[in-house]
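Working notes, beginning with the structure itself.
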Amino acid sequence: MTTQAPVRDDGERAARRAYRIGALVGLVAFLLVLTGGERSLLPWVPAGDFYDAQAESFLDGRLQVDRDVLGIEAFEHDGGTYMYQPPWPAVLRLPVVAVTDRFEGRLGALSMLLAHVVLLVAAERVLLEARRARPGSPPEGRLGRLLCGLFGLVLAGGSTATFLASRPWVYHESAMWGMAWTVVTFAGLLALRHRPSWAALAATAVGCSGAVLSRASVGAGACVAVGILALAALATPGQRLLDRLRGPAGALPLLAVAAVPAVAYAVLNVLKFGNPTSIPFEAQGYTQVSAARREMLAEAGGSLFGLRFAPTTLLHYLRPTGVRIVDQLPFVDFPPAGGPVVGDVTFDLVDHTTSITVTLAALVVAAAIGTWTLLRRRPADPVAWVAVAVGGLAGCATIVPFGYVAQRYHADVVPFLVPMAALGVHAVRGIAGRGRRRALGAAAVGLALATVWVQVGVATVYQRLRAPNPAPTLVAGLLDARLAVGADPDVTVADTLPDAADRDAVVVIGDCRGVYVWSAAPPSDVYPPGWVAAERTRAGGRVVLDVDLSDLEPGRRHALLAWTDAPVVAWVMPRDGDVVAGVTAGDLDYPGRPVDLGDGVVRLEVHLDPAIGEGGVRWRGRLLTNGFIPRLDGPATLLVGEAPPGSGYAPSATSEVASSDAALCERLAASADG
C-alpha cells in the first residue's frame, strides 16, 4: 500500500475541469427531468410524503408511521404500522419538519438533487483515483479530457439518476441516496488506500452508514467493500499486528465502519418487524388487498426472493433489445410490461423496464474496459479496486433473485459501474495513433449522447405516461409536444373507453368530454386498466371550485360534486383544524388524510370521471384523495355544492370557476378526422 502524497499536476487539473464541465451539462438534463412535471423543485407527488411522516414520528419519539399516509404500503407489526425503507431521508427532513408542515410531500425533489450532487462529487474523486492508479499512462491530452468530460456528462444526465428524477417519490429517493452514498464509500476507500487519513476514514464511514440507512441492499455492498479492505489490512505483510489493527487504514477502524451501520439497521428492523434482516411482505397492506400477491407469496413460500426468478430478471436487465425505438417523441420507450417470463414462475410485478445494457450503454462499455484493466493490466493497488468492484457487485446482487422487475433497480448497478468505468476511461486515453484517437473520440461522443438521449427519453415517458396515475397535465404535455413536432397519433373518437387498446392509443370521448391515453400498464388486480386522462372538461366530470371553509361544519361531510343518477360524491370535512377530502361511491369510501388547507376560501379541482371510473380532489397540484367509481356509457349529470337527496351530506359554500377549454381535445379530434 502506497502512502506518498498525490501529485496535483496539470493533467489532474485538466481531468477535473473536463469532468466538471461535462457534469454541469449533464446536470441540465437531470434538472429538466426533475422539474419537468411541475417546473418546480417542490412538486407534490404520490408517495412523496412517507419520509415526512417518518420524520414527524421521530420527533414524537416513535418509529410507527400514520397508516393514512402509507396506505397499502403500510406494514403491520404488533399493532403498529411501519414503512420498510430505511430512515436516512427522513433524518434529512428533521430540521424542516420540526418547524413547518408546509412542504409535506414536496421535499423529495430537493433531496434527490442533493443526493445527485453528492454522487457527482464522489464520482469525481473516483475518477481522479483511477487516474492515479495508472501512473505509467501518457499525460492528459485532448482525448483524455474529452473522455473525462463525457464521463461527467453521462453520469450527471445519462445515468439511472435521471430516470429516478422522473418522479421524486419514496422508492426513487431511497434508490438515489443508496446509490450516492455507496459511491461516496468507494471514493473514501480508494483515497484511504492511496493516502491514509482520518478524514478519508470519516468519509468512508459517513458513506457506508448513509448507504445502509438509505437502501440496505446496496449499502450491504458498501459494507462488503470495507470488510475486504479490513481483511487486507490485517493481512499486510511486514507490519506488526498492532500496526495492522490501528490507524485510519487499520483493520479495527474499518471493521467498525462496516459493523456500526449494519448493527443499526438490524436493530431498527427488529424494532419494526421483529427480525434483523427480512421484510414481512405478508404483513403489507398491498398483500391484504391483492389476491394475486397472496397467491404469488404462497407459491414462493412466503418470500419475494428465489433463484427461480433469476433467468427472467437477467433477461430483462441484460437483453440487447431492452428499449423500443418509436416514431413519436421522445422516440424511445419501454418494452411491453409484463413479460417475457422464463419458465413456470409467477412474479409480483414485471413493470415497464428497459435493460441496463442499453440505457446505461456508455457506462457499461467503459466499465467493461475497466474490468478488463483490473483483471489483466493490474492498476496500482489492485486490492482496493477489487474491493470496490466486489462490493459493487454484492450491492446489486439482490435484484437478480427478486420476484419484482422495475426500472428503478438499475440504480443498484451504478455503484459498480462508476469505479470500473473510471478505470476504463483512463485505460484508453493513451491509445496510440492519431487516427485511432479520433475514431475513439467520435465513438465515445456518439455513445455518450445516445445514452443521455435514451435515459432522458425513458424518464420522460415514465413521468408523463407510464408511471402510476400521472397528473393529466403531464399526459397532456406529452401529447402537445408530439403534436407540435408533427406526430400523427393514433386517435379514435368514441362514446366510451374500450377495455384495452393498442399502446399509446388516444381516445376522445364524445363531444370532447375528455381525452385518454392507453398507458399499457402492467396487469394488476388492484389498479384499474391502463387508461390515463390527458384532459377533462365539465361534461367529462371535472370542475374547479372556490370553497369557503369557514362555512363548513366541523365533523360533517360537505358535498363538493355529486352525480344525480348514482350515489357518487366528492366531499370535504373539517376536522381538528385540518380538512379531510374524500370520494364515496356506494359502499366504497376513499377518505384522504387530514391536510391543513388554511382558512377562508380555497380553490379545489374536483373530478368524478364516468369514462375512466375515477374520482379525486386536488389542491395546489396535490392529490388530496382519489378512488374508484362506476364507469358509465355517457356523461353524468352533476350537482355542484349540493347534497344528493337523502344522502346525509351537507351542502358546501362553493362557487364554480370557469373550467379550462378543450383545446387539446379539439386538435386531436381534428387529427382523427383528417
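The values are calculated or read from the model by the stated rules, or taken from the named source; none is laboratory data. Keep in mind the model is a prediction, meaning the values are calculated, not measured. Ideal geometry is used to build each Cβ from the backbone, glycine not excepted, and the neighbour counts take in all protein chains shown. In case anyone asks, the SASA skips ligands and DNA or RNA and just uses the protein heavy atoms, side chains included. Shrake-Rupley method; radii C 1.70, N 1.55, O 1.52, S 1.80 Å.
Remarks
- Identification of helices (runs of 4 or more DSSP H) wholly contained in the stretch 136-210 with 2 or more residues that are β-branched (Val, Ile, Thr) and closer than 23 Å to residue 232 by Cα yields 170-194.
- Positions within the stretch 582-599 being under 27 Å from the mean Cα position of the chain (by Cα) and open to solvent by less than 20 Å² (accessible area, probe 1.4 Å), in sequence order: 592, 595
- Only one of the numbered conditions (1) surrounded by fewer than 16 Cβ atoms within 10 Å (Cβ to Cβ); (2) assigned to a loop (DSSP other than H, G, I, E, B) is violated by residue 28, and that is (2).
- Residues of the stretch 329-365 classified as open to solvent by 30 Å² or more (accessible area, probe 1.4 Å) and of a type in the set (S, T, N, Q), total: 2
- Members of the stretch 311-344 found to be among the aliphatic types (A, V, I, L, M), part of a helix (DSSP H, G or I) and free of Cβ contacts under 8 Å to residues at least 40 places away in the same chain, listed by number: 315, 318
- Yes/no for residue 141 being at pLDDT below 95 and under 27 Å from residue 281 (Cα atoms): no
- Residue within the stretch 58-81 that is in a helix (DSSP H, G or I), out of contact with any strand residue (DSSP E or B) (no Cβ under 7 Å at 6 or more places or on another chain) and without any contact (Cβ under 8 Å) to a residue 24 or more places away in the chain present: no
- In the condition set (1) touching a Phe, Trp or Tyr at 6+ places or on another chain (Cβ under 6 Å); (2) at pLDDT below 95; (3) not aliphatic (A, V, I, L, M), residue 403 is compliant with all but (2).
- Residue match in the stretch 291-305 (condition: of a type in the set (S, T, N, Q), surrounded by 14 or more Cβ atoms within 10 Å (Cβ to Cβ), at pLDDT 95 or above and more than 30 Å from residue 481 (Cβ to Cβ)): no
- All of (1) open to solvent by less than 40 Å² (accessible area, probe 1.4 Å); (2) part of a helix (DSSP H, G or I); (3) polar (S, T, N, Q) hold for residue 288 with one exception: (1).
- Scanning the stretch 330-374 for residues that are touching a strand residue (DSSP E or B) at 6+ places or on another chain (Cβ under 9 Å) and among the small types (Gly, Ala, Ser) yields 337, 338, 339.
Listed here are the residues, each with its yes/no results for (1) farther than 30 Å from residue 387 by Cα; (2) touching a Cys at 6+ places or on another chain (Cβ under 9 Å); (3) surrounded by fewer than 19 Cβ atoms within 10 Å (Cβ to Cβ).
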{"site": "38", "(1), (2), (3)": "yes, no, yes"}
{"site": "41", "(1), (2), (3)": "yes, no, yes"}
{"site": "51", "(1), (2), (3)": "yes, no, no"}
{"site": "56", "(1), (2), (3)": "yes, no, no"}
{"site": "80", "(1), (2), (3)": "yes, no, yes"}
{"site": "93", "(1), (2), (3)": "yes, no, no"}
{"site": "105", "(1), (2), (3)": "yes, no, no"}
{"site": "114", "(1), (2), (3)": "no, no, yes"}
{"site": "122", "(1), (2), (3)": "no, no, no"}
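- Residue within the stretch 200-208 that is in contact (Cβ under 8 Å) with a residue 12 or more places away in the chain, of a type outside the set (A, V, I, L, M, F, W, C) and open to solvent by 20 Å² or more (accessible area, probe 1.4 Å) present: no
- Single match in 128, 110 (criterion: surrounded by 22 or more Cβ atoms within 10 Å (Cβ to Cβ) and touching a residue at least 24 places away in the same chain (Cβ under 8 Å)): 128
- The one condition from (1) hydroxyl-bearing (Ser, Thr, Tyr); (2) over 24 Å from residue 203 (Cα atoms); (3) over 13 Å from the mean Cα position of the chain (by Cα) that residue 182 does not meet is (2).
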